[in-house]
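Okay, so here's the structure we're looking at.
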Amino acid sequence: MTTDVKTVNHWIGGKTVEGVSGNYGPVTDPATGAVTTQVAFAGVDDVDAAVASAKAAYATWGTSSLAKRTAILFKFRALLDANRDAIAELITAEHGKVHSDALGEVARGLEIVELACGITVQLKGELSTEVASRVDVSSIRQPLGVVAGITPFNFPAMVPMWMFPLAIACGNTFVLKPSEKDPSASMKIAELLSEAGLPDGVFNVVHGDKVAVDRLLEHPDVSAVSFVGSTPIARHIHTTASANGKRVQALGGAKNHMLVLPDADLDAAADAAVSAAYGSAGERCMAISAVVAVGSVADELVAKIKDRAEKIKIGPGNDPTSEMGPLITAAHRDKVASYVTGAAADGCEVVLDGTGLRVEGHEDGHWIGLSLLDRVPTTAKAYRDEIFGPVLCVLRVDTYEEGVALMNASPFGNGTAIFTRDGGAARRFQLEIEAGMVGVNVPIPVPVGYHSFGGWKDSLFGDHHIYGNDGTHFYTRGKVVTTRWPDPSDAPAGVDLGFPRNH
């Protein structure tokens with residue numbers, strides 16, 4: 001442990017708690033490459049303490065009134081809104097994304113908080129009367145207990161807010177394991193929840209690596225696990241947590257395609273491709289990383305994308321003139337660059353190569369420019385893998401059918417888009433494409449809070465999507481109650497060993 005940088009500790013039982021493991025990891029400013037913070041890495045004892053705190057809090061929170069829960073969430077919503085700039089600054093300092101992008105992240109998380117404030121409607125049960133003589137049947141939903149969330153570096157505020165607001169609104173208590181690369185936003189959120197009046201132990205934060213994750217996956221007092229991250233880890237999370245008897249939603253990686261038909265508005269399509277491929281430096285699971293150009297539009301579309309991409313200003317996220325910031329770490333920057341430097345050997349035409357970018361005054365930052373690859377074969381590594389950086393691949397096909405077949409052959413099925421003026425083609429596309437989220441002339445089809453987010457195939461492991469109705473169902477379990485109250489006029493029914501009569 002060093003003393004010349006800030007230390008981020010855990011949040012357990014309503015206060016910051018120093019880790020007992022004695023292990024710490026570095027947090028860097030991606031724009032400078034300098035280590036600005038150290039974060040405590042939880043050991044098994046730290047995770048156990050957080051789960052024990054959550055379990056103790058559940059004894060009262062799980063039976064608390066909906067009015068009490070939503071009143072606290074309304075207060076939290078107001079505090080979150082008032083502190084959105086402060087949270088965005090923390091995100092920029094540790095993730096590197098530009099301030100406007102960080103503000104947008106907080107705003108999308110706020111949507112789910114607002115959904116949780118109205119959870120009373122989602123938790124209404126059902127009642128059937130007189131299913132048999134004097135017999136009523138009702139269905140209710142109840143919380144699970146202690147639930148955990150494991151979240152990625154790319155959206156350190158938004159993705160946790162996809163999980164915990166609904167979880168605690170439903171009566172569960174929550175243990176968050178955020179990314180160790182940008183941990184400060186989650187601590188600010190914990191402080192705001194406490195300020196809003198959330199009882200101690202209902203929301204806890206433990207930082208760390210695989211040790212902390214694996215303990216959450218095997219802990220007998222954790223009932224459910226939510227995860228967002230890469231496909232290999234999502235598969236591990238799903239397999240391990242399921243084997244330990246837990247409910248799991250594990251959202252994995254993506255290779256999102258955008259199909260551009262010959263009748264599309266090419267200026268709108270080019271604008272959308274640049275925004276969706278390079279926004280947040282491409283570090284998002286809903287980024288468009290593959291444009292599939294149909295027929296004769298490819299040459300003009302590539303030229304328009306190139307023209308726009310060359311004008312994007314890259315610089316520190318706290319510079320108001322920057323449109324794109326650095327990547328999260330130097331190692332990730334180098335990995336992303338390797339896909340571009342190896343593209344030509346894989347048969348790609350390198351239209352733009354951003355690997356040589358340097359930013360004056362910030363030479364040690366994790367910089368990479370925008371790269372554009374054309375005539376990309378499906379065998380190329382840049383096409384097969386989720387790059388998670390500002391690299392856009394353009395693939396060329398002759399027909400709509402060929403484009404859809406190419407896209408459906410991908411092992412990923414997260415999000416997709418079509419650009420066209422043809423309503424019939426768009427309708428056909430949304431039915432035929434094998435992906436969980438579809439945009440029609442919308443490049444990043446992230447659903448609003450009251451619909452659910454999630455992909456197909458290797459982009460989702462588990463039966464539930466995240467937030468929306470699926471989120472409420474994931475964080476609750478159903479119970480059916482059959483009731484008979486005798487009427488004063490009833491004669492004794494006597495013994496009947498058969499099925500109850502309802503006809």
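The values are calculated or read from the model by the stated rules, or taken from the named source; none is laboratory data. Here the structure is a predicted model, which is why all the values come from computation and not from measurement. Please note: Cβ atoms are built from the backbone with ideal geometry, for glycine as well, and neighbour counts cover all protein chains shown. Please note that ligands, DNA and RNA were not included when accessible areas were found on the heavy atoms of the full protein model with its side chains. Shrake-Rupley method; radii C 1.70, N 1.55, O 1.52, S 1.80 Å.
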Boolean, residue 73 is touching a helix residue (DSSP H, G or I) at 6+ places or on another chain (Cβ under 6 Å), open to solvent by less than 20 Å² (accessible area, probe 1.4 Å), part of a helix (DSSP H, G or I) and not β-branched (Val, Ile, Thr): yes
Total residues in the range 288-301, condition within 21 Å of residue 387 (Cβ to Cβ), of a type outside the set (Ser, Thr, Tyr) and either open to solvent by 10 Å² or more (accessible area, probe 1.4 Å) or free of Cβ contacts under 8 Å to residues at least 12 places away in the same chain (or both): 0
Some residue of the range 331-340 being in a loop (DSSP other than H, G, I, E, B), touching a strand residue (DSSP E or B) at 6+ places or on another chain (Cβ under 7 Å) and closer than 28 Å to residue 229 by Cβ: no
Options 497, 460; residue that is over 20 Å from residue 145 (Cα atoms) and open to solvent by 60 Å² or more (accessible area, probe 1.4 Å): 497
Qualifying position, being open to solvent by 80 Å² or more (accessible area, probe 1.4 Å) and within 28 Å of residue 239 (Cβ to Cβ), among 477, 427: 477
The range 113-125 residues that are part of a loop (DSSP other than H, G, I, E, B), paired with ones that are basic (Lys, Arg) and at pLDDT 95 or above (beta carbon under 8 Å, 6 or more apart): 123/141; 125/141
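Conditions (1) modelled with pLDDT of 95 or more; (2) in a helix (DSSP H, G or I); (3) within 21 Å of residue 412 (Cα to Cα), marked per residue:
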residue: 273; (1), (2), (3): yes, yes, yes
residue: 290; (1), (2), (3): yes, no, yes
residue: 298; (1), (2), (3): yes, yes, no
residue: 304; (1), (2), (3): yes, yes, no
residue: 308; (1), (2), (3): yes, yes, no
residue: 316; (1), (2), (3): yes, no, no
Residue that is nearest to residue 382 (Cα to Cα), among those in the range 313-337 that are among the β-branched types (Val, Ile, Thr) and buried (at least 17 other Cβ atoms within 10 Å of the Cβ): 336
All positions within the range 138-155 that are open to solvent by 10 Å² or more (accessible area, probe 1.4 Å), over 10 Å from residue 228 (Cβ atoms) and outside any strand (DSSP E or B): 144, 153
Test for residue 327: is it in a strand (DSSP E or B) and either at pLDDT 95 or above or aromatic (Phe, Trp, Tyr) (or both): no
Every pair of residues 6+ apart whose Cβ atoms lie under 8 Å, when the first sits in the range 89-102 and is of a type in the set (Lys, Arg) while the second is surrounded by 21 or more Cβ atoms within 10 Å (Cβ to Cβ): 97/91; 97/105; 97/280; 97/281; 97/283; 97/317; 97/325
Residues located in the range 462-503, provided they are farther than 25 Å from residue 123 by Cα and either under 16 Å from the mean Cα position of the chain (by Cα) or modelled with pLDDT of 95 or more (or both): none
First in the range 129-142 and without any contact (Cβ under 8 Å) to a residue 40 or more places away in the chain, second anywhere and open to solvent by 40 Å² or more (accessible area, probe 1.4 Å), Cβ under 6 Å, 6 or more apart: 129/136
Pairs with Cβ under 7 Å, 6+ apart, first in the range 221-246 and in contact (Cβ under 8 Å) with a residue 40 or more places away in the chain, second among the basic types (Lys, Arg): 221/55; 222/246; 223/246; 223/247; 224/246; 224/247; 225/246
Residue selected from the range 36-68 under the condition surrounded by 14 or more Cβ atoms within 10 Å (Cβ to Cβ) and without any contact (Cβ under 8 Å) to a residue 40 or more places away in the chain, by the criterion nearest to the chain's Cα centre (by Cα): 38
Selection count, the range 185-211, where residues are open to solvent by 10 Å² or more (accessible area, probe 1.4 Å) and in a helix (DSSP H, G or I): 7
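This table checks each residue for (1) in contact with a strand residue (DSSP E or B) (Cβ under 9 Å, 6 or more places away or on another chain); (2) aliphatic (A, V, I, L, M); (3) over 28 Å from residue 141 (Cα atoms).
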site	(1), (2), (3)
449	no, no, no
453	yes, no, no
457	yes, no, yes
468	yes, no, no
471	yes, no, no
482	yes, no, no
498	no, no, yes
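Condition check ((1) open to solvent by 40 Å² or more (accessible area, probe 1.4 Å); (2) within 22 Å of residue 156 (Cα to Cα); (3) not aromatic (Phe, Trp, Tyr)) across all residues:
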residue	(1), (2), (3)
215	yes, yes, yes
229	no, yes, yes
238	yes, yes, yes
245	yes, no, yes
286	no, yes, yes
Tabulated pairs, the range 18-35, first in a loop (DSSP other than H, G, I, E, B), second charged (D, E, K, R) and open to solvent by less than 40 Å² (accessible area, probe 1.4 Å), C-beta under 7 angstrom, 6+ apart or interchain: 19/46; 20/46; 21/46
Matching residues, the range 338-365, being closer than 25 Å to residue 270 by Cβ, buried (at least 21 other Cβ atoms within 10 Å of the Cβ) and in contact (Cβ under 8 Å) with a residue 40 or more places away in the chain: 339, 340, 348
Any hit, the range 315-325, residues being in contact (Cβ under 8 Å) with a residue 60 or more places away in the chain and of a type in the set (S, T, N, Q): yes
